[in-house]
1. Kirkwood hydrodynamic radius of the range A:146-185 from all distinct Cα pairs, in Å?
2. Starting from the Cα of residue A:116, move 7 Å in the Cα-to-Cβ direction to define the label point; list residues of the range A:131-164 whose amide nitrogen is under 13 Å from there.
3. Sequence-distant or interchain residues sharing an amide H contact under 5 Å with residue A:201, placed H: which?
4. For the range B:49-192, what is the convex hull volume of the alpha-carbon atoms per residue, in Å³?
5. If you look at just the Cα atoms of chain B, how large are its Rg and its Dmax in Å?
6. Determine, at each q value in 0.10, 0.13 (inverse angstroms), the log₁₀ of I(q)/I(0) that the Debye formula gives when each Cα of the range B:1-125 is one equal point scatterer.
7. By its C-alpha gyration tensor, with a ≥ b ≥ c as the square roots of the eigenvalues, how is the range B:125-253 shaped: rounded for a/c under 1.5, else prolate for a/b larger than b/c, else oblate?
8. Can you pull the mean other chain C-beta count within 10 Å for peptide B:157-170?
Amino acid sequence: MALVLAPEPPLPNWLAALDAQVARAPTFFDGRPVLMDLGALPSSTPDVAAFLRTLEQRGIRIIGTEGAHPSWQGVEAWGRPFPASSKPGRPIEVPDETPKVPSPAPGSDVNSLVIDEPIRSGQSVVFEKGDVTVLGSIGSGAEVLAGGSIHVYGTIRGRAIAGLAGNSKARIFCRKMQAELVAIDGVYQTADDMPADLIGKAVQAWLEDDRMKMTALDSTDTGDANGQSFGRNIRQGRRR
Amino acid sequence: MAKVLVVTSGKGGVGKTTSTAALGAALAQNGANVVVVDFDVGLRNLDLVMGAERRVVYDLINVVQGDAKLAQALIRDKRIDTLSLLPASQTRDKDALTPEGVARVIDQLREKFDWVICDSPAGIEKGAMLAMHHADTAVVVTNPEVSSVRDSDRIIGMLDSKTAKAEKGERIEKHLLLTRYDPGRAARGEMLNVEDVLEILSIPLLGIIPESEEVLRASNVGSPVTLASPTGAAARAYFDAARRLAGENIEVVVPMERKGFMSRLFGRRVA
Ligand SMILES: Nc1ncnc2c1ncn2[C@@H]1O[C@H](COP(=O)(O)OP(=O)(O)OP(=O)(O)O)[C@@H](O)[C@H]1O
Ligand SMILES: [Mg+2]
């Protein structure tokens with residue numbers, strides 16, 4: 001999936017926040033196409049092209065820009081500005097919140113992360129090393145990105161993105177499915193594409209032949225191939 | 001020990017200022033020493049709702065910048081002498097509020113009052129962040145509709161991560177105040193019901209304030225509703241909420257649609 005980065009002034013602070021994000025999730029940007037939304041920068045911002053070069057030096061692969069001011073020199077080099085309507089699917093915004101990812105306690109299993117609070121709208125939890133278990137709910141407008149599977153003991157109302165680093169075996173489990181979006185290894189579904197009879201149910205989702213399948217957890221045939229596979233499966237920007 | 005309380009919401013127009021005035025007045029009516037502080041710099045409202053707009057000389061920014069002493073800026077309410085207002089500036093811009101200046105003013109207020117109630121501006125920008133920063137307790141004002149609930153969820157996340165308490169690793173106390181609740185519309189499914197909102201936000205319920213003409217009338221005459229119509233449904237709900245804030249354990253009653261005689265009769269027959 002393409003990421004959208006929307007820098008905000010003052011740029012040095014924004015860059016520092018970005019570096020902090022990269023430090024927490026070092027492979028977050030690896031090979032991922034990134035769309036730059038420059039709309040929040042004042043037209044007086046000096047040398048935006050140099051700023052974009054700084055990002056590339058950090059290994060960020062810019063595939064396009066939008067919202068560039070016509071007076072800025074050299075920004076076209078990063079591709080023609082995208083009209084807003086051609087944004088790839090529903091882009092993931094890089095969080096402006098500090099994700100409240102507690103560092104795993106020493107000696108604990110570092111391949112899993114347990115969060116015992118609700119994840120609130122606007123918050124983003126990124127855990128590339130493995131599974132994420134959420135004891136509360138993922139709020140509308142919140143997101144969890146996991147390298148492995150995602151287990152939610154409450155309701156998914158926001159986004160759950162599993163199998164981040166190319167793990168097609170990852171799954172998503174929740175007690176109540178009301179997600180805006182779920183994705184596994186780049187295959188994603190929005191609420192509109194999900195089978196209506198599973199909304200509000202305890203559900204698991206997994207991939208089979210690159211298609212997302214979903215089934216109610218309490219049905220007797222849980223986990224076998226009888227799960228519903230639904231209409232529109234979209235894969236965006238397969239990495240590598 | 002003084003308590004600093006922020007009344008916040010994310011979304012605009014949900015009833016923060018109304019609730020600040022009503023809760024502040026209700027606590028003061030019960031004898032506590034209360035100051036209500038308007039953080040909505042540039043769009044001040046609290047002075048109007050408190051009926052003190054013609055008495056504003058100095059404001060929060062003058063005090064923050066050291067141009068006036070706190071005592072010069074505080075306006076004592078004419079009806080309840082344990083209630084004071086620290087108004088916002090209508091002409092200055094919120095950038096005039098500095099974190100250090102706000103910290104100093106809040107410390108001074110803590111020494112003088114039992115309750116320091118901060119009326120937050122809408123949004124999640126600097127003004128709202130400064131209003132919540134020193135709070136011990138937050139009242140999250142929410143209307144029973146989807147956009148307000150999501151904005152409240154977002155604000156709760158910020159209360160848990162951006163306040164002074166959160167930065168020290170402590171927890172800020174959070175309460176949900178559901179306002180403009182219309183029992184008829186909730187019954188017809190035109191509004192979220194109380195359980196839905198509680199399930200989504202999962203913080204304790206401080207009270208449910210019904211949609212009420214009395215609130216509009218009170219703010220038009222420049223009086224907190226707990227003073228203007230103390231026996232009305234909205235005022236009673238605010239009085240109860242104030243007592244819960246003060247630590248009393250009172251059951252929350254979900255406002256019900258007042259049914260006509262006929263439907264009550266049939267209601268009983270059918271059941
Ligand atoms: N319970 C209620 N019943 C009827 N009207 C109400 C109620 N509560 C608030 N209102 C009305 O809603 C409007 C907005 O209220 P208020 O100014 O308190 O909101 P606010 O959250 O402070 O807004 P802002 O975000 O602009 O500061 C006002 O006209 C007020 O009188
Ligand atoms: Mg207001």
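1. Details: mean 1/r = 0.1025 Å⁻¹.
Value: 9.8 Å, from the Cα pair sum.
2. What the label zone holds, given the 13 Å backbone N cut-off, is A:134-136.
3. Distant-sequence amide H within range of residue A:201: A:177.
4. Values: hull volume 20.6 nm³, N = 144.
In the range B:49-192, the Cα convex hull volume per residue is 143 Å³.
5. Expressed in Å, the Cα Rg and Dmax of chain B come to 18.6, 70.
6. Listed by q, the Debye log ratios stand at -0.26, -0.44.
7. Working: a/c = 1.75, a/b = 1.40, b/c = 1.26.
Verdict is prolate for the range B:125-253.
8. Numbers: counts 12, 5, 1, 5, 7, 2, 0, 0, 0, 1, 0, 0, 0, 0.
Counting other chains' Cβ atoms within 10 Å and averaging over B:157-170 gives 2.
The values are calculated or read from the model by the stated rules, or taken from the named source; none is laboratory data. Since the model is a prediction, treat every value here as computed from it, not as a measurement. Because the Cβ atoms are built from the backbone with ideal geometry, glycine has one as well, and the counts that use them run over all protein chains shown. These accessible areas exclude ligands, DNA and RNA; they are computed on the full protein's heavy atoms, side chains included. Shrake-Rupley method; radii C 1.70, N 1.55, O 1.52, S 1.80 Å.
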